[in-house]
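First up is the structure itself, then whatever we jot down about it.
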Amino acid sequence: MNTYYIIMACMAVMAVIVFVALFFFKAGYGYLSTSKWGPKISNKTAWIIMEAPAFLFLLYQTIRFAVSGADTGNSKAVLYVMAGLYLLHYFQRSFIFPLMMRGKSTMPVVIMLMGLTFNTLNAYLIGGWLYTEAPAGMYGTGWFHSPQFIIGTLIFFAGMAINLHSDHVIRNLRKPGDTRHYIPRKGLYRYVTSANYFGELTEWIGYAILTWSPAGLLFAVWTFANLGPRAKSLTEKYEQEFGEEYVTLKKKHLIPFIW
């Protein structure tokens with residue numbers, strides 16, 4: 001087994017461990033912020049440092065592949081489009097989303113470093129699959145017309161739209177200078193506590209389908225392993241702060257009408 005698949009196997013095991021652990025140890029940032037996770041830095045700075053490696057490393061892999069002129073037996077147009085969708089998401093998360101943040105919230109350095117490590121490894125797995133490990137001929141030009149690519153791309157962009165709209169709702173819950181907490185109620189927040197997380201999970205399920213790859217599947221699994229327990233913790237936090245006002249809304253944690 002080569003290094004690529006060893007790292008993938010380790011990441012799969014870690015996803016299970018993280019999923020279980022996060023039900024007991026709440027990731028202390030954002031609404032769940034605590035002092036238990038050690039030193040903190042500006043949330044905006046932390047987000048850029050944490051998310052940018054995902055964008056920069058896959059961009060580097062893509063440029064290196066393009067310059068090398070390597071022929072993997074797959075359509076370069078298809079590979080670049082699939083890489084481009086990943087880069088589109090992470091450009092927004094790395095360089096646009098943080099700059100739109102309001103307030104002066106902070107993030108523990110240790111959480112930032114864990115996110116940075118995961119994002120770098122995930123970019124390695126996605127890029128490694130596209131440019132090295134994907135079977136020759138799997139991604140011919142006909143892949144653009146395949147059910148996997150069409151359905152997956154539609155799901156990906158639907159998830160992105162949900163994610164962006166949900167972030168917009170959260171950003172506009174309070175006016176500048178207001179530090180109180182409010183219950184988000186617009187969009188899919190009518191049905192779930194964490195509509196933004198649902199959007200992100202939907203994106204990466206779509207990406208797993210449109211690439212039809214083990215790397216894409218692992219990313220979708222990791223997304224749920226990370227965001228699922230956090231969504232449940234957020235529900236508990238809202239119920240603790242708002243009591244019956246929140247409980248009577250009967251929101252699910254992450255997936256509308258299901259969980």
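Data for the structure
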{"read-out": "Using alpha-carbon coordinates, inclination of helix 76-91 to the longest axis of the chain, degrees", "value": "20 degrees"}
{"read-out": "Sum of -39500 (n - 2.57) over DSSP H runs of 4+, divided by residues of the chain (222 nm, nearest 500)", "value": "-20500 deg cm²/dmol"}
{"read-out": "Helix 195-211 vs. the chain, principal-axis angle (Cα, 0 to 90°, nearest 10)", "value": "10 degrees"}
{"read-out": "Order of H253, H181, H145 - criterion: other Cβ atoms within 10 Å of each residue's Cβ, fewest first", "value": "H145, H181, H253"}
{"read-out": "The chain - Debye-derived log10 I(q)/I(0), Cα point model, q = 0.12 Å⁻¹", "value": "-0.75"}
{"read-out": "Alpha-carbon gyration tensor eigenvalues x 5, square-rooted, for segment 126-229, Å", "value": "34, 14, 11"}
{"read-out": "10 Å Cβ shell holding at most 13 others, DSSP loop, trypsin sites (Lys or Arg not before Pro): longest site-free stretch of the chain", "value": "105-179"}
{"read-out": "Sequence-separation-based contact order of the chain, relative, with Cα cut under 8 Å and 6+ spacing, percent", "value": "24 percent"}
{"read-out": "Reachable lysines, given that their alpha-carbon falls under 18 Å from the alpha-carbon of K237 and they are not under 8 places away in the same chain", "value": "K26, K36, K250, K251, K252"}
{"read-out": "Pairwise centroid distance, computed over Cα atoms, of segment 81-146 with segment 149-176, Å", "value": "16 Å"}
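Any read-out appearing in this document is the output of simple, stated calculations on the displayed coordinates, not a laboratory observation. These numbers come from a predicted model, not from an experiment. Positions of Cβ are backbone-derived with ideal geometry, glycine not excepted, and every protein chain shown enters the neighbour counts.
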